[in-house]
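Asks: One structure coming up, written as structure tokens, with questions to follow.
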Amino acid sequence: MNSFRIGKSKMHGLGAIANRDIEKGAKLNHPDPDIDTSFNGYNHSCNPNCKLIPGRLLVLRDIAKDEELTLFYIDCVGPVCNCPECGGRPIRKARAKKKRGM
């Protein structure tokens, strides 16, 4: 069984949804091993649960079944982030505020 499927996202449009519980540190194959960070099947989060590494996804924290797999891709989302962490604030300001612990 595949670790995830592309399905309806609670965040935005379509997204990668976990088919099972996935443990931190797992390395998942994605549907096309030639895909780079421009692949739009994963939605952005400022608190991502995955990181894209060459040909795979690295799971950064435990992911529950039916939870969406997310990546941090500041250069692809434009000046405003609508993820639950930022709530529509400009990305660079929200990210800097988060780093300062605010």
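Asks: Any chance you could count how many residues in segment 11-25 are at pLDDT 90 or above and farther than 11 Å from Leu69 by Cα?
Replies: Final tally of qualifying residues: 5.
Asks: Could you grab me the full set of residues in segment 1-17 that are farther than 15 Å from Arg56 by Cα, surrounded by 12 or more Cβ atoms within 10 Å (Cβ to Cβ) and hydrophobic (A, V, I, L, M, F, W, C)?
Replies: Ile6, Met11, Leu14, Ile17
Asks: Still on this structure, please answer the following. Would you point out the residue of segment 47-56, among those that are more than 10 Å from the chain's Cα centre (by Cα) and in a strand (DSSP E or B), that is farthest from Ile22 (Cα to Cα)?
Replies: Going through the qualifying residues, I end up with Ile53.
The values are calculated or read from the model by the stated rules, or taken from the named source; none is laboratory data. Remember, predicted model here, so these are calculated numbers, not experimental data. Counting neighbours? That spans all protein chains shown, and the Cβs are built from the backbone with ideal geometry, glycine included.
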